[in-house]
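To start, the structure under review is shown below, and the notes come after it.
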Amino acid sequence: MPKDHGIGASSKRREDVRFLTGTGNYTDDINVYGQAYVAFVRSDVAHGRITGIDTAAAEAMPGVLKIFTGSDFEGVGGLPCGWQVTDRFGEVMKEPPHPVLAQGKVRHVGEMVAAVVAESLQEARDAADAVMLDIEELPAIVDMKKAVASSETLVHDEIGTNLCYDWGFVEDNRDAVNQAIKGAAHVTTLELVNNRLVANPMEPRVAVGDYNRAGDMSTLYTTSQNPHVIRLLMGAFVLGIPEHKLRVVAPDVGGGFGTKIFHYAEEAFCTFAARALKRPVKWTSTRSEAFMSDAHGRDHVTKIELALDEANNFVAVRTETYANMGAYLSTFAPSVPTWLHGTLMAGNYKTPNIYVNVKAVFTNTVPVDAYRGAGRPEATFQLERVIDKAARELGVDPMALRRQNFITEFPYATPVAVEYDTGDYHATADKIAEIADFAGFETRRKESEAKGKLRGLGINCYIEACGIAPSNLVGQLGARAGLYESATVRVNATGSLSVMTGSHSHGQGHETSFPQVVSEMIGIPEDQIEIVHGDTANTPMGMGTYGSRSLAVGGSAIVRATEKIIRKATKIAAHLLEASEADIELKNGAFSVAGTDKSVAWGDVTLAAYVPHNYPLEDIEPGLEETAFYDPSNFTYPSGAYACEVEVDPETGQVTVERFSAADDFGNVINPMIVEGQVHGGVAQGIGQALLENCVYDETGQLLSASYMDYAMPRADNVPMVTVDHSCQTPCTHNPLGVKGCGEAGAIGSPPAVINAVIDALHSGGFTHVTHIDMPATPNRVWAAMQG
Amino acid sequence: MYAFEIERPKSVDEALAALGAEEAQPISGGQTLIPTLKQRLAMPSKLVSLSGIDELRYLRREGDALMIGGGATHGMVAREAATDFPGLAKLAGKIGDPAVRNRGTIGGSIANNDPSACYPSAAMACGATIVTNSREIAADEYFQGMFMTALEEGEIVTGVRFPIPQASAYMKFEQIASRFPLVGVFVARFADRVGVGVTGASNNGVLRWREAEEALAANFSPDALADVTAPRASDMIADLHGTAEYRAHLIPVMTKRAVAAAE
């Protein structure tokens, strides 16, 4: 019998009632009395010198309150970067300023040059159209390799280069890796592109700045995955507002996928303008603005070499990656191609020698930062593609080649600085063969061929580092933040609970799964537990939600706080039952004395805490509220094996995903239904990256894929029913729940499986000259590859 | 969007009178125009909506032809042409999504003549007649290149008369993002001729593939196209979704499939 509540139950997502009935409270639903509206004037050229901004005509237009330009932000801090990478030579990365409104130059299409605040949105937009920009256009640089080679066209003149950093990891491995490759029996080389993506959460970004003169208090309502982080970054580094005078609220947020982690100029602007004008100021992004101002994802160009010995054992991996930073460093951009990518290059394999080189490059494009998976999909894609290519070159079964090289003993210290605590890669490999029905593939292939289609089977094994992250470790790696999480458990007098968490739910289902954990621990119904999140005024300082960290880190903080509650409540119960604390047991919401029929209900204990008439006041304080901060001792390492079957239409190159199966090891699972939903969503995004999505700039820096007419999002008919399994469970050894995180796995594990399947299909049709197709494998690209 | 006035006439005469105003622009469903307005890419001072004109919302059989009022939505065509002209009904049933099909009209599509619109391929293949408030225009003369038509200022499409073929089919190869046709081919077989209309592909807008029409008139089978000269890549659209060569390649592929599917 599956459980119907607590850990392991598929409790229905309580938040969906409001999401699905139009009663959510999103940032755009928030309207503050007296609010004005801002329309931003954005650059329509990719690179240029601002020689004049004429606001006179616009200022005279109806409803206009004030027009801001870069000069209004002199003396105001720029947007800070939260991570400092040190390069191969011991130098810190180049970190040019990132102004709120452009200063002197514009560096990408969509950069904000001026801002018009007016009584109504229509008036703000009309006046924004009337702001005359005089921009002396400069040559733009979009291609990363050209950018690195160029000394004439510089995105930031003052740093004298377009290279942000040249990172080697682990630099000490470099010579050994070179030697191993030189002496290897076989080396497989692959050059590939990890395509630039636009996250496209359903809800575009919104910011409402408010200012209360009476208390000198600023409030920012914003679409954020981490309101405390925004408060710290914006308050301390941009606007100079101390935290106690700044509140950041991120209410219901309609999807984040990473792009709502970062601190954006629009948020700082609305907070700043509200103080300047003593009026609330609101901005709601249009979808067009989202395409040219939300941080993009991925955009790596990589060469990977895999060296094998005579027995097909992996002996070395060497990579060289160009990683696009865009025009400015977004909040966590430098960490994505380095610590979230280089550390994963061992994959599931015991390759003894690994060296990763990453050149981060400034270009005249929108900043690039974390997007679902962030660095780990890029690592997995190149590794799993080159292994597949090697298997073909060597004429061996691709799964057998993987299995032969699997890590099987844990803990396992990789040559790229992380230690996997636990895992069982053969178990998920066995499971995928079963659920994907490898045995029936040849029959299905024949059926496809009878219809004139080519059919391919692609597999992929992945590992990811989640549960981000041990603060002391990431501090050594350049993080300018701690990555613990916080929770306050407030027990109310009659026994219900409010759990204030620093995690932030923007679709993940925390309001359902977190109560399951607490319910399991105390034995009270889930509906007696409420999750409070998203407001710096009523949650402890926490770091928010990304990197599949909320349950592993945030959930662990809730466990620690709940343990403190139980310890204190046990003392109260012992007093009430006139028994020794050591004899008290908590079960099914009641405290009892072991070996007796004496017991006291949870609600009576909590009431005693707030009505302490009969209470051990000499030993403990009244009340029942505890806070815990949890800092993980290691990353968690979810892993799994995915399989994709595609059909390719040989006449048109059209690829359709016919079957997709995912066997994941997420450690312990709190809510299987939510976990499966996370995998479904991740796989849909991964199929989107593999077959559909592509953010394209032309060589002048104009964004060609600037709307849904040209940027293809995955739709229901692009994604088959996904068969998921999470029965292979090797619990995480270092957090109290034994959980690993599941939010990004689908997006990490699926792209290589899709492309491996496409290549397999083409080979089955005799197109053996095709060794790789870059994502997205559009019909045109597949057809062109078949032509040779 | 900029502010504009809107009029909702109830008859063609009222519509024509309203369109006499300076900068007045007709809107017939608005599935292209409204997104354009939202992006502030057009600034008409007055829109004259044709959607409320009941006399334009009909499909009716006229002998061997199907007459479709300019205000008929794609959804109406999909439903009401299903018996008389299934090839056209299926074309209409795959335009956009239900919301688009319930707003967009055949008159609006034909008047806009987007190079990736579906209907023009059927109009060309069938030798349809475009009926306006003042005259009748043969499809071959009506479509004059991307977004270009024979319509005069203030002239509106009141209907389209399609000769009903014995068999027909439309095959659309979708652009992956917009799902407009990257290449769409409508094949119509009549007693004495075959029509092949191609949309989405050419720099010159919708076209007839006359070599294929001749070959198929002699032998209405996919094999008949084996040695037929295909439209040249040099005339095809090239963009981020498809090279000119790819579009040129798709024309015979989609034509063969349309022939095989014709009913």
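Each value in this text was obtained by applying a stated rule to the coordinates, not by laboratory testing. The structure presented is a predicted model; accordingly, all values stated were derived computationally and were not measured. Methodologically, a virtual Cβ is constructed for each residue, glycine included, from the backbone with ideal geometry; neighbour enumeration extends over all protein chains shown.
Below are the figures for this structure:
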| item | result |
| --- | --- |
| Lys/Arg +1, Asp/Glu -1 at C-beta; region A:436-481 dipole; positive extreme among A:Thr443, A:Gly478, A:Ile463 | A:Thr443 |
| Region A:128-231, relative contact order [Cα under 8 Å, separation at least 6], % | 11 percent |
| With at most 11 other Cβ atoms within 10 Å, longest stretch of chain A clear of loop chymotrypsin sites (Phe, Trp or Tyr not before Pro) (DSSP) | A:90-788 |
| Neighbourhood charge, 10 Å Cβ-Cβ cut-off, centred on A:Ile159 and excluding it, Lys, Arg +1 and Asp, Glu -1 | -2 |
| Shielding of A:769-780 by partner chains, average beta-carbon count, 10 Å | 2 |
| Mean residue ellipticity (222 nm) of chain A, computed from DSSP H runs ≥ 4 via -39,500 (n - 2.57), nearest 500 | -7500 deg cm²/dmol |
| Inter-chain shielding of B:235-244 (mean C-beta neighbours from other protein chains, 10 Å cut-off) | 3 |
| Loop sites in region A:265-323: GluC sites (Glu not before Pro), DSSP, at most 12 other Cβ within 10 Å | A:Glu310 |
| Positive minus negative residues near B:Val185 (Lys, Arg vs Asp, Glu; Cβ under 11 Å) | +4 |
| Per-residue average of Cβ from other chains inside 10 Å of A:696-708 | 1 |
| Positive-end residue of A:Ala316, A:Ile30, A:Leu344, charge dipole of chain A with Cβ unit charges | A:Ala316 |
| Mean Cβ neighbour count within 10 Å, used as a protection proxy, ranking A:223-233, A:723-733 highest first | A:223-233, A:723-733 |
| Packing-based order for B:116-129, A:127-140, using average beta carbon neighbours within 10 Å, highest first | B:116-129, A:127-140 |
| Dipole of region A:604-694 [Lys/Arg +1, Asp/Glu -1 at C-beta], most positive-end residue of A:Ser633, A:Gly623, A:Val657 | A:Val657 |
| Assigned charges on the beta-carbon of Lys, Arg, Asp, Glu; chain A dipole about Cα centre (debye) | 100 debye |
| Helix runs (DSSP H) in chain A reaching 20 Å along axis by Cα, Kyte-Doolittle at least -0.5 | A:556-577, A:672-687, A:745-764 |
| Cα-centre dipole for region B:55-163 with unit charges at Cβ (Lys and Arg positive, Asp and Glu negative), debye to 20 | 520 debye |
| Shape category assigned to region B:5-49 from the gyration tensor of Cα positions, a/c cut at 1.5 | oblate |
| Region B:167-261 shape via C-alpha gyration tensor axes, a/c threshold 1.5 | prolate |
| Contact order normalised by residue count of chain A, Cα under 8 Å, 6+ apart, percent | 16 percent |
| Per principal axis, descending, Cα span of chain B in whole Å | 55, 44, 31 |
| Protection-proxy order for peptides B:89-96, A:740-747, B:6-13, each taking the mean of Cβ atoms within 10 Å per residue, highest first | A:740-747, B:89-96, B:6-13 |
| Label-to-label distance, nm, for residues given as B:Asp54 and B:Ala226 (7 Å Cα→Cβ offset) | 5.8 nm |
| For A:Lys453, A:Lys260, A:Lys571, order by how many other beta-carbon atoms lie within 10 Å, fewest first | A:Lys571, A:Lys453, A:Lys260 |
| Cα shape, the protein assembly as shown, gyration tensor, a/c 1.5 rule | prolate |
| Helical segments meeting 20 Å axial Cα length and Kyte-Doolittle -0.5 threshold in chain B (DSSP H) | B:244-261 |
